[in-house]
Amino acid sequence: MTVPSSHPSAALAADNTPAAGGEGDVVNTPGPSFSPLYQQIKSLILRSLQAGEWKPGEAIPSELELAARFKVSQGTVRKAIDELASENLLVRRQGKGTFVATHAEETVQYRFLRLTPDSPEGNGIVKRQLLDCRRLRAPADIARALNLKTGDTVVEIRRVLHFSGQPTVLDDIWLPGQLFKGLTAERLIEYKGPMYGLFETEFGVRMIRAEEKLRAVLADPADAVLLGVEAGAPLLSVERLARTYDDQPVELRRGLYRTEAHHYRNELN
């Protein structure tokens with residue numbers, strides 16, 4: 001999703017000037033004239049999210065307050081918020097208001113992980129085993145995926161996720177070094193919440209959406225040892241590219257999944 005690049009102050013001039021006419025007259029942002037008004041309001045709310053006006057986990061203004069701010073009807077604001085909520089950028093809480101979604105919440109901290117246990121008991125205790133965290137020059141394929149120049153600095157993280165005591169996921173993660181200055185193995189170990197929660201609270205980087213490529217592979221000897229399987233055992237390979245606002249790629253993750261007791265589950269609309 002791309003947020004219009006014009007400065008918020010120009011788009012929100014209606015906040016400080018009387019409305020010249022009806023609801024359709026108020027959002028004078030550059031862009032296609034055919035854009036529905038609620039989409040324009042959605043873009044303005046996105047722009048405020050990107051600028052950090054409302055932090056993850058914080059409440060945004062009420063529909064009535066936003067309607068007054070943008071000089072539009074409450075229904076127009078509600079439609080914009082409904083779309084943002086359906087995209088997991090905002091969360092509605094009955095009787096409390098609307099909040100900026102955060103990966104620190106239990107319901108969304110594994111939003112991009114589609115590996116589901118076959119057993120109704122779930123994954124049990126989840127243990128994160130950090131194998132490595134280092135800074136290096138980006139290889140060509142990693143730089144290309146993250147829109148970096150070959151040789152730019154990246155942070156590489158390697159870890160194993162254990163579910164109910166069994167090593168199940170081996171992750172190799174690459175992050176743009178410029179966005180994650182100060183990220184070290186010590187900080188990853190000390191932070192007890194989900195990794196994406198650390199990224200958004202300490203580095204200001206929110207993972208908004210992701211795209212994945214899946215294939216069946218055979219475990220090589222080194223990966224087999226880390227996952228506790230025989231060399232040549234079947235694994236599910238999942239390559240995920242996560243993006244933040246403006247569709248900027250900010251994480252490349254290559255995971256190997258054991259599937260004896262798990263399956264990949266995705267809901268399609």
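The values are calculated or read from the model by the stated rules, or taken from the named source; none is laboratory data. Note that the structure is predicted; figures quoted are calculated from it, not measured. All Cβ positions, even for glycine, are placed from backbone atoms using ideal geometry, and neighbour counts span all protein chains on display.
Some points to look at:
- Residues being surrounded by fewer than 19 Cβ atoms within 10 Å (Cβ to Cβ) and either modelled with pLDDT of 95 or more or assigned to a strand (DSSP E or B) (or both) are entirely absent from region 190-208.
- Residue count for region 237-269 under the criterion of being assigned to a strand (DSSP E or B) and either under 17 Å from Ile142 (Cα atoms) or free of Cβ contacts under 8 Å to residues at least 40 places away in the same chain (or both): the result is 14.
- Region 126-142 residues that are under 15 Å from Arg253 (Cα atoms) and assigned by TED's automatic domain parsing to the domain that holds Phe163, paired with ones that are of a type in the set (Gly, Ala, Ser) and exposed (fewer than 13 other Cβ atoms within 10 Å of the Cβ) (beta carbon under 7 Å, 6 or more apart): Ala138/Gly151
- Lone qualifier among Leu226, Leu218 - being within 16 Å of Arg128 (Cβ to Cβ) and either surrounded by fewer than 18 Cβ atoms within 10 Å (Cβ to Cβ) or more than 17 Å from the chain's Cα centre (by Cα) (or both): Leu226
- In region 50-157, counting only strands (runs of 3 or more DSSP E) that sit wholly within it, the ones holding 1 or more residues that are more than 30 Å from Asp172 (Cα to Cα) span 90-93, 97-100.
- Residue match in region 9-29 (condition: at pLDDT below 50 and either part of a strand (DSSP E or B) or among the acidic types (Asp, Glu) (or both)): yes
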